[in-house]
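Okay, structure first, notes after.
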Amino acid sequence: VGFNLAACSEHAMEVDEVAAYPGKITVLNGALKHHSTPMMGASSSLAALLMDVRDQDPDRTAILNLRAPANDDGIRRTVIDRVVSALGWSMVEAPRGRLQDGVGEIDLVLDTGGFGWEPGLYVLGHHPLDVVDRANRLIAVLKVTEAAA
């Protein structure tokens, strides 16, 4: 499954000031593959969510999206809640990409999806390397939590 990564400077105020990879980053034969180098304005939906998060948590300048754990019944909210608790992170919901009000730091955003809208998890960080490290921690804890569920 593909993902994307977007980031901006600490002074960014607009969606077109956010750089992202056009399309998705995928894993092919154990290596990350992308179609192009990051470009400003390449992912309007990811950039818009990052700007919304920055309104509540201005220290966050990078975001990475992942597919939310789900089964035939929908997202596995209990698994997600256990992971958030194990990591000691804060999570805010963004149904259909619309961020709900949060307080303070935002570590993770859960888009619960809807008809024609795929659920997603969005990992936030202070810079791109931070968000990649945080995503790796999330995935490691998620694997353990899903195996135990």
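The values are calculated or read from the model by the stated rules, or taken from the named source; none is laboratory data. Note that the coordinates shown come from a computational prediction; the quantities given were computed from them, not determined experimentally. Don't worry about glycine lacking a Cβ; one is built from the backbone with ideal geometry, like all the others, and counts go over all protein chains shown. SASA here: full protein model, heavy atoms, side chains in, ligands and nucleic acids out. Shrake-Rupley method; radii C 1.70, N 1.55, O 1.52, S 1.80 Å.
Things worth noting here:
- Checking each residue in segment 13-37 for being at pLDDT 75 or above and under 17 Å from TYR122 (Cβ atoms) picks out VAL15, VAL18, ALA19, ALA20, TYR21.
- The lone exception for ASP59 - which of (1) in contact (Cβ under 8 Å) with a residue 60 or more places away in the chain; (2) of a type outside the set (Lys, Arg); (3) within 29 Å of PHE115 (Cβ to Cβ); (4) open to solvent by 20 Å² or more (accessible area, probe 1.4 Å) it fails: (3)
- Within segment 99-148, being under 14 Å from the mean Cα position of the chain (by Cα) and without any contact (Cβ under 8 Å) to a residue 12 or more places away in the chain holds for LEU129, ASP133, ASN136.
- Selection within segment 103-149: residues that are among the aliphatic types (A, V, I, L, M), under 14 Å from ALA7 (Cα atoms) and open to solvent by less than 90 Å² (accessible area, probe 1.4 Å). The member of this set that is modelled with the lowest pLDDT is VAL132.
- Flag if ALA42 is over 13 Å from the mean Cα position of the chain (by Cα) and at pLDDT below 80: yes
- Positions within segment 51-83 being among the polar types (S, T, N, Q) and touching a Lys or Arg at 6+ places or on another chain (Cβ under 8 Å), in sequence order: THR61
- Residue in segment 38-51 that is under 18 Å from ARG137 (Cβ atoms) and either of a type outside the set (D, E, K, R) or open to solvent by 90 Å² or more (accessible area, probe 1.4 Å) (or both) present: no
- Taking the numbered list (1) over 15 Å from PHE3 (Cβ atoms); (2) in a helix (DSSP H, G or I); (3) not basic (Lys, Arg) in turn, LEU49 passes all entries but (1).
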